[in-house]
Structures are given as C-alpha cells and as structure tokens.
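Q: Here it is, the structure, as structure tokens.
The values are calculated or read from the model by the stated rules, or taken from the named source; none is laboratory data. In this text the structure is predicted, and so the values were computed from the model without any measurement. Glycine also receives a Cβ, built like all others from the backbone with ideal geometry; neighbour counts cover every protein chain displayed. These accessible areas exclude ligands, DNA and RNA; they are computed on the full protein's heavy atoms, side chains included. Shrake-Rupley method; radii C 1.70, N 1.55, O 1.52, S 1.80 Å.
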Amino acid sequence: MTLRAIEQFAPAKINLTLHVTGQRDDGYHLLDSLVMFADVGDRVTVAPAEHMSLQVTGPMAAGVPEDARNLCWRAAEAFGQPVAITLDKHLPAAAGIGGGSSDAAAVLRAMTTLFGAAPGLDPLRLGADVPVCMAARSARMQGIGETVTPVDVPPLEALLVNPRVEVATPAVFKALARRDNPPMSEIPASGRVGDVLTWLSDQRNDLEAPASDLRPEIEQVLRELSCLDGVRLVRMSGSGATCFAVFDSRAQSEAMAQELRRRFPNWWVKSATLG
C-alpha cells in the first residue's frame with residue numbers, strides 16, 4: 001500500500017480564561033483555563049519521504065525555523081520515520097494563540113493517521129499547550145497542561161487582534177505579581193451564550209496585566225476592542241499579545257474587523273468562530 005500525504009488543520013487556540021493557581025518546585029506554573037479553538041489557523045501536510053524535511057510557506061512564514069528548532073520537526077521525530085512536512089503558516093508567532101503547539105499537534109495527528117500508530121512520546125513533552133491542541137475542541141486545561149477535560153460550551157463569535165509584537169512567555173510569568181490565584185468557578189452547563197458570557201466576565205487572565213506592562217501595545221488593543229459597537233467581552237489570550245472581543249454575531253465581528261483593518265493596517269485582525 002502506498003502511503004499518501006495527510007493534511008491537518010492547526011486551529012488557533014484561544015484562552016478565554018487563564019488563572020495561574022500555583023507553582024511547582026520545579027518551576028512549572030499551575031494553570032486553570034477555558035480553551036476554545038478558532039476556525040482560523042495554519043495547515044500542515046505530512047508525506048512519507050526518504051529524509052526528514054520541513055518547508056514553511058504562507059503569509060506568516062518569515063522567521064519560522066525549518067529545522068529541529070520547530071516543534072513540527074520534533075513532533076515528527078517521535079515516530080522514528082522520515083517525512084516531508086509543509087507548514088502553511090497563517091498565525092503570528094509568539095502570539096498567545098498556541099500556533100506552534102497547534103502545528104505540532106497537527107503533525108502528531110497526521111502521522112498517527114499516516115503510520116497507524118501513536119507517537120512514541122507524551123505530547124506534554126513538546127509543550128504545555130500540545131495536549132489540549134491534540135483535542136482541538138473546547139476544554140478545561142489544568143495543572144501544567146496535562147489535565148484536559150472536554151466541556152460543552154456554545155460557539156462564540158469573536159474578533160482576534162494582534163498588534164504584531166511578539167511576547168516572550170517566560171518574561172510574562174517572571175513579571176507576574178502572585179502565583180497562587182483562585183481557580184475558575186464552575187463553567188455553566190446551560191448551553192446559553194448569555195450565561196457563558198456572564199460567567200466569563202467574572203473570570204480572568206492573570207497574565208494580562210504583566211504582559212501589558214511589558215508590551216503597552218496590548219493595552220492599546222484592549223482599549224480599541226472595548227470601544228467597538230456591540231462588543232460583549234474583551235480579554236487577552238494566553239501570554240499575549242493577541243486579544244479577542246466577543247460579539248453576538250459573525251456579521252458584527254466581520255464589520256468591526258473591517259473597521260480595525262482600516263484604522264490599524266499593520267495589525268493582524270481576523271474574524272473567527274470559537275468552538
């Protein structure tokens with residue numbers, strides 16, 4: 001049987017909440033986060049090959065390594081089989097939306113399909129976000145990323161905005177004032193968007209303040225999003241700098257995306273459905 005190329009979508013990961021609840025003796029931080037995935041992202045194609053290779057294409061390809069520094073390469077190595085990987089890059093790097101982790105998870109899924117076997121490593125070894133990105137669906141992520149619990153949350157219409165500045169996650173955690181913050185309260189089970197948004201308004205991203213101190217552009221994005229017509233919730237995702245705004249409809253988010261692109265042509269702006 002001839003093995004074929006496998007393509008996988010690598011969606012943007014959005015942390016609607018991110019509570020830092022502790023720190024282990026080995027330095028790893030304990031998190032409690034509601035994660036949803038957008039219908040925008042990268043695409044990964046994996047094909048059998050005689051030698052390992054990685055080619056990065058797409059509008060966000062500049063500066064992305066094409067060797068073992070890339071998580072895609074390291075994910076593929078876990079199978080012990082050489083493959084040719086093409087990464088069509090549409091998500092900004094170091095942006096708090098798990099681009100590299102989602103790409104690595106997509107490679108793991110593609111190679112599992114390609115070779116009919118599971119990877120020979122724990123996905124957590126590739127990064128804290130890789131296990132939840134393997135699921136690629138709404139989930140509560142806890143611990144250092146090893147505990148992923150699927151949750152039923154209604155789809156949300158959102159606007160994703162990145163001011164095109166990179167944020168180093170270690171620097172954000174280093175600037176965090178306290179690491180023993182309260183966990184999330186229980187996620188509402190009603191299935192109603194209004195109930196979820198009310199609950200979300202009482203939750204937090206504990207990294208938003210330190211990230212904004214390091215990169216004032218984040219605070220500007222949050223201010224601009226808060227002033228948009230029809231906005232229901234505004235927050236930063238992950239360790240930044242991507243922020244999101246939630247609206248009642250896709251039409252609203254797309255209209256506001258057009259407005260922001262006109263006013264801030266250098267920003268990365270995408271309308272998205274989270275699910």
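Q: Suppose every K and R has +1 on its Cβ and every D and E has -1 on its Cβ; what is the size of the dipole of region 156-251 about the Cα centre, in Debye to the nearest 20?
A: Numbers: 11 positive and 14 negative charges, 34 e Å.
Here the size comes out at about 160 debye.
Q: If you keep only loop residues by DSSP, which trypsin sites (Lys or Arg not before Pro) in region 118-188 have at most 10 other Cβ atoms within 10 Å of their Cβ?
A: R178
Q: Something else about it: State the percentage of accessible surface on region 230-271 attributable to carbon and sulfur atoms; use a 1.4 Å probe and exclude ligands, DNA and RNA. The partial results should precede the final answer.
A: Details: 730 of 1750 Å².
The computed percentage sits at 42.
Q: In region 149-235, if the dipole is taken from +1 on Lys/Arg beta carbons and -1 on Asp/Glu beta carbons about the Cα centre, which of P154, V234, F173 is farthest to the positive end?
A: Among P154, V234, F173, the one farthest towards the positive end of the dipole of region 149-235 is F173.
Q: Still on this model: Given a 1.4 Å probe and every protein chain left where it sits, what share in percent of the accessible area of region 1-50 is carbon and sulfur?
A: On the way: 1030 of 2200 Å².
Of all accessible area on region 1-50, carbon and sulfur atoms account for 47 percent.
Q: Extent of the chain along each principal axis, from alpha carbon coordinates, in Å, largest to smallest?
A: Projected onto its principal axes, the Cα set of the chain covers 55, 46, 37 Å.
Q: Right, something else. Aspartates and glutamates near K270 by alpha-carbon distance under 14 Å, same-chain residues fewer than 8 away left out - which ones?
A: Those aspartates and glutamates meeting the cut-off are D39, D42, E157, E254, E259.
Q: I would also like to ask the following. Run the dipole for the chain about the Cα centre, Lys and Arg Cβ at +1, Asp and Glu Cβ at -1, nothing else charged, and hand back the magnitude in debye, nearest 20. Write down the numbers at each step before the final one.
A: On the way: 26 positive and 32 negative charges, 56 e Å.
That gives a dipole near 260 debye.
Q: Further, regarding this structure: Please report the projected area of region 8-132's Cα convex hull averaged over all directions, in nm².
A: Values: hull surface 31.8 nm².
Orientation-averaged projected area of the Cα hull: 8.0 nm².
Q: May I ask you to give the solvent-accessible area per residue for the chain, in square angstrom, as obtained with a 1.4 angstrom probe?
A: Working: 12100 Å² over 275 residues.
About 44 Å² of surface per residue is accessible.
Q: Let me ask you something else. So, in Å, what gap is there between the alpha-carbon centers of region 217-275 and region 51-83?
A: 31 Å
Q: Can you run the Rg to Rh ratio on region 140-275? Use alpha carbon positions and the Kirkwood inverse-distance Rh. Don't skip to the answer; put the middle values down first.
A: Values: Rg = 15.3 Å, Rh = 15.9 Å.
On the Cα set of region 140-275, Rg over Rh gives 0.96.
Q: Mind putting a number on the dipole of region 70-192 about its Cα centre? Charges go on the C-beta only, +1 for Lys and Arg and -1 for Asp and Glu, and I need it in Debye to the nearest 20. Walk me through the numbers on the way to the answer.
A: Numbers: 11 positive and 11 negative charges, 39 e Å.
The calculated dipole for region 70-192 is roughly 180 debye.
Q: Related question: Okay, helix-only estimate at 222 nm for the chain: each DSSP H run of n ≥ 4 adds -39500 (n - 2.57), divide by all residues, round to 500 deg cm²/dmol; what do you get?
A: Numbers: 8 runs with 77 residues, N = 275.
It lands at -8000 deg cm²/dmol.
Q: Using the C-alpha atoms of region 155-200, what convex hull volume per residue, in cubic angstrom, is computed? Before the final figure, lay out each step's value.
A: Numbers: hull volume 6.0 nm³, N = 46.
In region 155-200, the Cα convex hull volume per residue is 131 Å³.
Q: Looking at region 9-56, which trypsin sites (Lys or Arg not before Pro) are in a loop (DSSP not H, G, I, E or B) and have at most 15 other Cβ atoms within 10 Å? It would help to have the intermediate numbers written out before the result.
A: Values: sites: K13, R24, R43; in loops: R24.
Answer in residue order: R24.
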